[in-house]
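**Student:** Can you keep this structure in mind? I'll have questions shortly.
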Amino acid sequence: MKLARTQVRIPTELMAWLKEQAKEQNRSMNAQLVEILAQTKRMAVCTSQK
């Protein structure tokens, strides 16, 4: 899998939530964000196939 670097600006309250979610899942913030995006993509693909 190829990786791309990016910078994202997000609201501070969303960043705090992301940090907490990452901590609860024993992941880095980056890994948690990737997981959330992957889950969202899977749901979008399932929804569009109906």
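The values are calculated or read from the model by the stated rules, or taken from the named source; none is laboratory data. These figures come from a predicted structure and were not determined experimentally. Reconstructed Cβ throughout: ideal geometry from the backbone, glycine too, with neighbour counts over all protein chains shown. We work out accessible area using only protein heavy atoms, side chains counted, and drop any ligands, DNA or RNA first. Shrake-Rupley method; radii C 1.70, N 1.55, O 1.52, S 1.80 Å.
**Student:** Keeping all protein chains in place, calculate the accessible area per residue for the chain (probe 1.4 angstrom), answer in Å².
**Tutor:** Dividing the accessible area of the chain by its residue count gives 100 Å².
**Student:** Can I ask one more? Summing Lys, Arg as +1 and Asp, Glu as -1, what charge do residues with Cβ under 12 Å from the Cβ of residue 30 carry, residue 30 excluded?
**Tutor:** So the environment of residue 30 carries a net charge of +2.
**Student:** At a 1.4 Å probe, what is the % contribution of carbon and sulfur to the accessible area of the chain?
**Tutor:** Here carbon and sulfur together make up 56 percent of the probe-accessible area.
**Student:** For mean projected area of the Cα convex hull in nm², which listed value, (1) 5.8; (2) 4.8; (3) 3.9, comes from the coordinates shown?
**Tutor:** Comparing each candidate, only (2) matches the computed number.
**Student:** Any chance you could give the angle, 0 to 90 degrees and rounded to 10, that helix 12-24 forms with the longest Cα principal axis of the chain?
**Tutor:** 80 degrees
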